[in-house]
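Input: a single structure, listed below in structure tokens.
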Amino acid sequence: MPYTGDVVPGGPTAVRELDEVVIRKASVGATDNNAYLVTCRASGAQLLVDAADDPDRLLELVREGSRGARLDLVVTTHRHADHHRALESVVAVTGATTAAGADDAAGIPVPTRRRLHHGDVLTVGHVTLEVVALRGHTPGSVALVYREPAGPPAGGHRGADGAVPGRVHLFTGDSLFPGGVGNTGEDAERFTQLLTDVTERLFDPFDDAGWVYPGHGADTTLGAERPHLPEWRGRGW
């Protein structure tokens, strides 16, 4: 089935096969949180974005990518409880390393072994992802950016989704959604900070093909959202 990013709690995984990685998306919990598993096709290494809820479902997701339940790293995009309720259980079973934005780590009950800062690079097998700090929804919110390779993939794999050399895939947590940025609690300063970071750190450096994987709900692209930036700034949310 072509990847759409449409998932529901208790439903099947949406799977996107790219040349270098496989991206799996599942929805968990009462607040329809998205969790993403990124699997390096050459090495089998895996990264989970947000162990949000329902540890049994998330461990099933991990095993969809690795029969031995290999999980190298769990990145928590921000400190809100609905994004890390299953973290303790997932880490206990898999032994995965934990990572989160440095300014949110103290608010996450599971110890953060790697504190992330803007510009850091994470390596999972042969795959690298860039850390982008997006301040405003929380002080330490982070996004992850994966770039498709410009040349042939390691191991010679060919994905079913069609390679787009250099295309970016953005795991944005609760900082960017279809239709706007994340909730900033009617705080004008926090909203301005978040919209500025999203504009300067996502929309400005990356083109319209950039695919956005948010913390809840449907996916989108930078091209679909870019025309609405002035509208967001004008309405203040």
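Points to keep in mind about this one:
- Sole residue being of a type outside the set (Val, Ile, Thr) and under 26 Å from VAL8 (Cα atoms), chosen from ARG85, ARG114: ARG85
- Contact map, region 197-214: residues that are touching a residue at least 60 places away in the same chain (Cβ under 8 Å) paired with residues that are among the charged types (D, E, K, R) and in a strand (DSSP E or B), Cβ distance under 8 Å, separation 6+ or inter-chain. Pairs shown: TYR213/LYS25.
- Listed by first and then second residue, the pairs with beta-carbon distance under 8 Å, at least 6 apart or on different chains, first residue in region 164-183 and among the acidic types (Asp, Glu), second open to solvent by 10 Å² or more (accessible area, probe 1.4 Å) and in a strand (DSSP E or B), are ASP174/HIS216.
- Some residue of region 85-104 being among the aliphatic types (A, V, I, L, M), open to solvent by 60 Å² or more (accessible area, probe 1.4 Å) and at pLDDT 95 or above: yes
- Residue satisfying condition, being within 29 Å of GLY125 (Cβ to Cβ) and touching a His at 6+ places or on another chain (Cβ under 6 Å), within set GLY173, GLY182: GLY173
- 2 or more residues closer than 22 Å to VAL132 by Cβ: qualifying strands (runs of 3 or more DSSP E) within region 2-91: 21-28, 33-40, 46-49, 73-76
- Screening GLU148 on (1) touching a Lys or Arg at 6+ places or on another chain (Cβ under 6 Å); (2) within 26 Å of THR39 (Cβ to Cβ); (3) buried (at least 23 other Cβ atoms within 10 Å of the Cβ) shows it passes everything except condition (3).
- Any hit, region 226-237, residues being crowded, with 16+ Cβ neighbours inside 10 Å and within 26 Å of ALA26 (Cβ to Cβ): no
- Filtered residue count, region 67-83, keeping only those that are without any contact (Cβ under 8 Å) to a residue 40 or more places away in the chain and open to solvent by 20 Å² or more (accessible area, probe 1.4 Å): 4
- The set of residues in region 14-31 being within 17 Å of ALA51 (Cα to Cα), within 15 Å of the chain's Cα centre (by Cα) and of a type outside the set (Lys, Arg) consists of ALA14, ILE23, ALA26, SER27, VAL28.
- Scanning region 30-49 finds one or more residues that are in contact with a strand residue (DSSP E or B) (Cβ under 8 Å, 6 or more places away or on another chain), open to solvent by 10 Å² or more (accessible area, probe 1.4 Å) and within 19 Å of PRO178 (Cα to Cα).
- Among the residues of region 50-60, those identified as surrounded by fewer than 24 Cβ atoms within 10 Å (Cβ to Cβ) and touching a residue at least 24 places away in the same chain (Cβ under 8 Å) are ASP53, ASP54, PRO55, ARG57, LEU59.
- Of the residues contained in region 162-176, none is found to be more than 20 Å from GLY217 (Cα to Cα), of a type in the set (Lys, Arg) and out of contact with any Gly (no Cβ under 8 Å at 6 or more places or on another chain).
- Checking each residue in region 106-144 for being more than 15 Å from LEU73 (Cβ to Cβ), of a type in the set (A, V, I, L, M, F, W, C) and crowded, with 17+ Cβ neighbours inside 10 Å picks out VAL132, ALA133, LEU134, ALA143.
The values are calculated or read from the model by the stated rules, or taken from the named source; none is laboratory data. Predicted model only: the values in this text are computed from it and were never measured. We place every Cβ from the backbone using ideal geometry, glycine too, and count neighbours over all the protein chains shown. Please note that ligands, DNA and RNA were not included when accessible areas were found on the heavy atoms of the full protein model with its side chains. Shrake-Rupley method; radii C 1.70, N 1.55, O 1.52, S 1.80 Å.
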